[in-house]
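Beneath this line is the structure, given in structure tokens, with notes to follow.
The values are calculated or read from the model by the stated rules, or taken from the named source; none is laboratory data. On a predicted model such as this, the values are computed, not experimentally measured, just so you know. Cβ coordinates were reconstructed from backbone atoms using ideal geometry, including for glycine residues, and neighbour counts include every protein chain displayed. Note: accessible area is taken over every heavy atom of the protein model, side chains too, but ligands, DNA and RNA are not part of it. Shrake-Rupley method; radii C 1.70, N 1.55, O 1.52, S 1.80 Å.
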Amino acid sequence: MSTAIEGIDRKPLPFHRAVWTLFLVQLSNWRWSWRGMVITGMVAPILTLAAMGVFAKESGGQSVQQVFVGSLTLALLFETQNKVAANFAFMKFNDAFAFYAALPVRPQAFIVATAAAFTLLALPALVCTTLFGVLILGLNVSLSPLAVPVLLAVVLPFVGYGAWLGSRANSPEEAGSLSLLSVLAMVSLGPVAIPAHLLPDFMVWVGWANPAFYASSLLRQVFFGPVGGTTAVYFGVLLGYLLLMWVLSSKRIAGFGGAVES
């Protein structure tokens, strides 16, 4: 660590202890604002689901399912990528990394703890959007046992992207704008919230390069089936994206208060 005090040997905490400690620290940062954060995180996906679901019903069950998983993807992106980008940008420009530099922990532990904290904070929006879709749109859900690993595969890459984006931004305002723009772009490019047959061919092709497409596809397979070979392929794509974001974000915050590389 770049801010280590000379002459003092600081052995890093065991990884699991570091993750748990940093997880509690991250949650404590939101102890006064988490209610508002959770509520605002529900608004966009639920309104999207309600508005688009009305028109999707006229096109059949598959279209309603697509709108449903697209709204879930939007909820997860808003509550993870968007919030993590803002969190990292805030810490970068308010010298909060200096605090973490004083702790005997690895940057990777901080990323894992951040992912766990924001995944937990995203659960209310995910659950409420799911219940709204099932009850209001009359969807028949058959939840797969793979729901938990798929949820992690969907959330973690976007947490990593949010950390990388926030650490590169020139200001917290820029981080918020870029993150929001990327969320809207990911939901719009390809068959994420809109069925493929309603999109121009070039939009469908663009979707293959959009990680949100694989996220929504995995969610659709988990909620409605079938789970098969494409599930493993899409899972692998998101895993590759996760590894890329892990490497990039780890390099950006290496040394913490030394701090984020400029």
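Tabulated data
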{"read-out": "Estimated inter-spin distance, Val43 and Ala209, nm [label 7 Å along Cα→Cβ]", "value": "3.4"}
{"read-out": "Accessible surface, segment 65-197, averaged per residue in Å² (probe 1.4 Å)", "value": "37"}
{"read-out": "Part-to-part distance (alpha-carbon centres) for segment 190-212 and segment 61-108, which is given in Å", "value": "24"}
{"read-out": "Where Ile194, Ile136 fall by accessible area, highest first, once all protein chains stay in place (1.4 Å)", "value": "Ile136, Ile194"}
{"read-out": "³J(HN,Hα) computed for each position of segment 204-216 - Karplus, 6.51 cos²θ - 1.76 cosθ + 1.60, integer Hz, glycine/proline x", "value": "5, 5, 4, x, 5, 9, 9, x, 5, 4, 5, 5, 5"}
{"read-out": "Exposure of Leu242 as accessible area (Å², to 10), given a probe of 1.4 Å and all protein chains", "value": "40"}
{"read-out": "Portion, in percent, of the accessible area of segment 139-262 that falls on carbon or sulfur, probe 1.4 Å", "value": "71"}
{"read-out": "Three-way shape label, segment 68-225, alpha-carbon gyration tensor, a/c 1.5", "value": "prolate"}
{"read-out": "Peptides 139-145, 91-97 ordered by average Cβ neighbours within 10 Å, highest first", "value": "91-97, 139-145"}
